[in-house]
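The values are calculated or read from the model by the stated rules, or taken from the named source; none is laboratory data. Source: prediction; values computed, not measured. No Cβ is skipped: glycine too gets one built from the backbone with ideal geometry, and neighbour counts run over all protein chains shown. Accessible surface areas use protein heavy atoms only, side chains included; no ligands, DNA or RNA. Shrake-Rupley method; radii C 1.70, N 1.55, O 1.52, S 1.80 Å.
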Amino acid sequence: MSAPSKATNARAVFLGAPGAGKGTQAKQASASAQLAHISTGDMLRHEVTLGTALGLQAKSFMDAGKLVPDAVIIGMVQERIRKPDAKSAWILDGFPRTLPQAEALDKSLSAASAVTHVIYFAVPEQVLFGRLTGRRTCSKCGAIWHVETKPTKLAGVCDLCGGSTVQRSDDHPEKISKRLEEYRTLTAPLLAYYKNRKLLREIDANRSPAVVFKELLELMQ
Ligand code: AMP
């Protein structure tokens, strides 16, 4: 499915609780509309794998299901957004997640490069839990699967690239509870922040990814 041409200049923030489907939708939208996909979770996991100073700093927070401190994450995003592929169009997936992050983002963008869309993927909390505990991610290509709703043909093997699928360490029940609590207290206030700026659009994301994607493209026109 191709995106409408107007969407190619979008600078979009994807908001929603862990498990709301932001990553799945962002991957698809960025591929079809050629927007840089900036996922702070993916960037942090990459830093952890490389064992960089930033990765070491972030790891203990991620392992505990807590948000990484604003000072760490804001600098990382500001650097990423200045890269050539993110000059005019991007999707921020998982950032901002706190009010100070949202304010820092606004300050670092000029009027010509400001956020154009904020999409809130709404999913009831009891649904999120099931989505996260069953989620499996391909360690090679990053494709996202689910043991019940989107299983691979062969357990543990990615249908797309043959890589092994793994459960994220923070997708275990006790970590999920903490992540949802962090979302409720620190991230949910961003809905009012962006509503006041008349940027917020809500999608009922408790539906199939294909239906959600169709509506997403309409909203990003
Ligand atoms: P995600 O893949 O988006 O669910 O992020 C995984 C983890 O990375 C989160 O639970 C946080 O520990 C950390 N993280 C990702 N994005 C942010 C952010 N914007 N602010 C703080 N921590 C973040």
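May I ask you to work out the translational diffusion coefficient for the stretch 95-134 at 10 °C, viscosity 1.306 mPa s, via Stokes-Einstein with Rh from the Kirkwood sum over Cα pairs, reported in whole µm²/s? Walk me through the numbers on the way to the answer.
Working: Rh = 12.6 Å.
Using the Kirkwood radius from Cα pairs, D works out to 126 µm²/s.
Give me the net charge for the shell around GLY41: Cβ to Cβ below 14 angstrom, other residues only, Lys and Arg +1, Asp and Glu -1.
Value of the local net charge: +4.
Taking a quarter of the surface of the convex hull around the Cα atoms of the stretch 119-197, what do you get in nm²? Write out the running numbers ahead of the final one.
Numbers: hull surface 25.0 nm².
Average projection, Cα convex hull of the stretch 119-197: 6.2 nm².
Calculate the length of the line joining the C-alpha centroid of the stretch 107-166 to that of the stretch 69-87, in whole Å.
So the separation of the two Cα centres works out to 21 Å.
Along the Cα-to-C-beta direction of ALA112, a point sits 7 Å from the Cα; which residues of the stretch 63-82 have their amide N less than 19 Å from that point?
Within reach of a label on ALA112: 81-82.
Is the stretch 151-216 rounded, prolate or oblate when judged by the Cα gyration tensor, a ≥ b ≥ c being the square roots of its eigenvalues, rounded requiring a/c under 1.5 and prolate requiring a/b larger than b/c?
oblate
Cβ under 15 Å from PRO100's Cβ, PRO100 left aside: what net charge do those residues give with Lys, Arg +1 and Asp, Glu -1?
It works out to a net charge of -2.
Using θ = phi - 60° and the Karplus form 6.51 cos²θ - 1.76 cosθ + 1.60, what ³J(HN,Hα) does each residue of the stretch 82-95 get, whole Hz, x for Gly and Pro?
With the stated coefficients, the stretch 82-95 comes to 8, 5, x, 5, 10, 4, 10, 8, 7, 10, 9, 10, x, 8 Hz.
Where does each of 115-125, 148-158, 17-27 land if you order them by average Cβ count within 10 Å, highest first?
Most protected by this proxy first, the peptides run 17-27, 115-125, 148-158.
State, to one decimal in nm, how far the label point of CYS161 lies from the label point of ARG82, with both points 7 Å from Cα in the Cβ direction.
According to this spin-label approximation, the distance is 2.9 nm.
Run the quick spin-label model on GLU218 and ALA188: label points 7 Å from Cα toward the beta carbon, then report their separation in nm to one decimal.
Output for this residue pair reads 2.8 nm.
Can you list residues whose amide H is under 5 Å from VAL118's amide H, if they're 5+ apart or on another chain and H is modeled 1.01 Å from N?
Result for VAL118 returns VAL13, ARG201.
When DSSP assigns beta bridges and you keep just the ones with both residues in the chain, what percent turn out antiparallel, to the nearest 5?
For the chain, the DSSP antiparallel bridge percentage is about 30.
From zero outward in steps of 5 Å, how is the percent of C-alpha pairs of the chain spread across the bins?
1, 7, 14, 19, 21, 19, 12, 5, 1, 0
Apply the Karplus curve 6.51 cos²θ - 1.76 cosθ + 1.60, θ = phi - 60°, to the phi angles in the stretch 117-127 and return the couplings in whole Hz, x for Gly and Pro.
9, 10, 10, 9, 8, 8, 9, x, 4, 5, 6
At q = 0.12, 0.14 Å⁻¹, what log₁₀ I(q)/I(0) does a Debye calculation on the Cα points of the stretch 56-140 give, no solvent, two decimals?
-0.50, -0.67
Heads up, I need the accessible area for PHE129: 1.4 angstrom probe, whole protein in place, Å², nearest 10.
Accessible area, nearest 10 Å²: 70 Å².
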